[in-house]
Amino acid sequence: MRSEAPVSQNFVGPLRILGIFWILYAIARLVMALWLAVFTPTATVMFGALLTRVPNPFSLMTVFHFLYLGIILWSAACGVFGLLAGFALLSGRHFASRLAMIAAVLSLSELPLGTTLGIYTLILFLPQNPAGKYVEVGQAA
């Protein structure tokens, strides 16, 4: 049964751990974005080798480049928002919950770490009562 009592000091520990996990996840996503960007020529050659028997390979290669750039940008955005959310959670800023929810939604598509971290963060910060009151990080500190 949920209580309407204010958030206690026991909430600070899990927020610090969550902040550390967001920073570690963000570093991994930024490394992945860099890795994908460095190996773009290799991926292009590998995908191009599959297009030898396709009637119109140039349009498919354009779609490949568009999707590959999208994946790189998505990974970089996850990394940047993850870093911002992690440092905001560690410092106890009042906007940390909003940044963490943005990072959580962005990271849901990356299995298994992004999905796990994103779902836990959304469960922690989404409204849990009919009045719609969010857990604010500034209250816990």
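Here are some notes:
- Pair list, Cβ < 8 Å and 6+ apart or interchain, from region 34-60 residues that are more than 16 Å from residue 76 (Cβ to Cβ) to residues that are part of a loop (DSSP other than H, G, I, E, B) and not acidic (Asp, Glu): 57/51; 60/51; 60/54
- When we screen 54, 63 for residues that are exposed (fewer than 13 other Cβ atoms within 10 Å of the Cβ), of a type outside the set (Gly, Ala, Ser) and not in a loop (DSSP other than H, G, I, E, B), the only hit is 63.
- Inter-residue pairs, beta-carbon under 8 Å, first closer than 13 Å to residue 89 by Cβ and in contact (Cβ under 8 Å) with a residue 12 or more places away in the chain and in region 101-121, second surrounded by 14 or more Cβ atoms within 10 Å (Cβ to Cβ) and of a type in the set (Asp, Glu), 6+ apart: none
- Candidate set: region 81-132, residues that are among the polar types (S, T, N, Q) and assigned to a helix (DSSP H, G or I); chosen: the one surrounded by the fewest Cβ atoms within 10 Å (Cβ to Cβ): 91
Every read-out reported here was derived from the displayed coordinates using simple, explicitly stated rules and does not represent laboratory data. Just so we're clear, the structure is a prediction, and the values are computed from it rather than from any experiment. Cβ coordinates were reconstructed from backbone atoms using ideal geometry, including for glycine residues, and neighbour counts include every protein chain displayed.
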